[in-house]
Amino acid sequence: MQAKHMARTATAVFACKRGKDPEFLEMLVNALAETRAFATCRAVERYVDQDNPDVTVLWEKWEDRPSQEA
C-alpha cells in the first residue's frame with residue numbers, strides 16, 4: 001500500500017506597528033497573489049484580530065509539506 005500525501009497547513013502571525021496595518025495589507029495583497037498562483041497552494045486566508053487590528057494571522061493550506069517548504 002502506498003502512503004498518501006497529506007495536505008499541509010501553516011500559520012503565520014504578523015504584528016504591525018499601531019496604525020500600519022493598511023500599509024502591510026497593501027504589500028500583503030501582492031505577496032498573497034503570488035502565493036496563490038502556486039499550483040500546490042490550496043488556500044491562503046487572512047484573519048485580523050478583533051481586539052487588535054494591527055495583528056494579522058495567515059492560514060495557508062498546501063498540497064504537501066515539500067510544497068509548503070519550497
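The values are calculated or read from the model by the stated rules, or taken from the named source; none is laboratory data. Note that the coordinates shown come from a computational prediction; the quantities given were computed from them, not determined experimentally. Every residue, glycine among them, receives a Cβ derived from its backbone with ideal geometry; neighbour counts consider all protein chains shown. Remember, those area values only see protein heavy atoms, side chains included, never the ligands or the DNA or RNA. Shrake-Rupley method; radii C 1.70, N 1.55, O 1.52, S 1.80 Å.
Loop-located trypsin sites (Lys or Arg not before Pro) across the chain with a Cβ neighbour count of 16 or fewer within 10 Å are Lys4, Lys17, Arg18, Lys20, with loop assigned by DSSP.
Leaving out ligands, DNA and RNA, what percent of the accessible area of the chain is carbon and sulfur, probe 1.4 Å? Don't jump to the answer; show the numbers that get you there.
Details: 2950 of 5580 Å².
Roughly 53 percent of what the probe reaches on the chain is carbon or sulfur.
Checking every one of the chymotrypsin sites (Phe, Trp or Tyr not before Pro) in the chain against DSSP loop status and a limit of 16 other Cβ atoms within 10 Å picks out Phe38.
Taking each DSSP H run with n ≥ 4 as -39500 (n - 2.57) and averaging over every residue of the chain yields -9000 deg cm²/dmol at 222 nm.
With an 8 Å cut-off on Cα pairs and a minimum separation of 6 or more residues, tell me the relative contact order of the chain in percent.
Details: 97 pairs, mean separation 31.1, N = 70.
Relative CO of the chain lands at 44 percent.
For Glu34 and Ala7, the difference between the fully extended length at 0.36 nm per residue and the C-alpha to C-alpha distance is 7.8 nm. For the chain, a simple Cβ point-charge model (Lys and Arg +1, Asp and Glu -1, everything else neutral) yields a dipole of about 240 debye relative to the Cα centre.
Checking the a/c ratio against 1.5 first, then a/b against b/c, what shape does the Cα gyration tensor give for the chain? Here the chain falls in the prolate category. When the Cα positions of Phe14, Val55, Cys41 are compared along the charge dipole of the chain, Cys41 comes out farthest toward the positive end, with charges on each C-beta of Lys, Arg, Asp and Glu.
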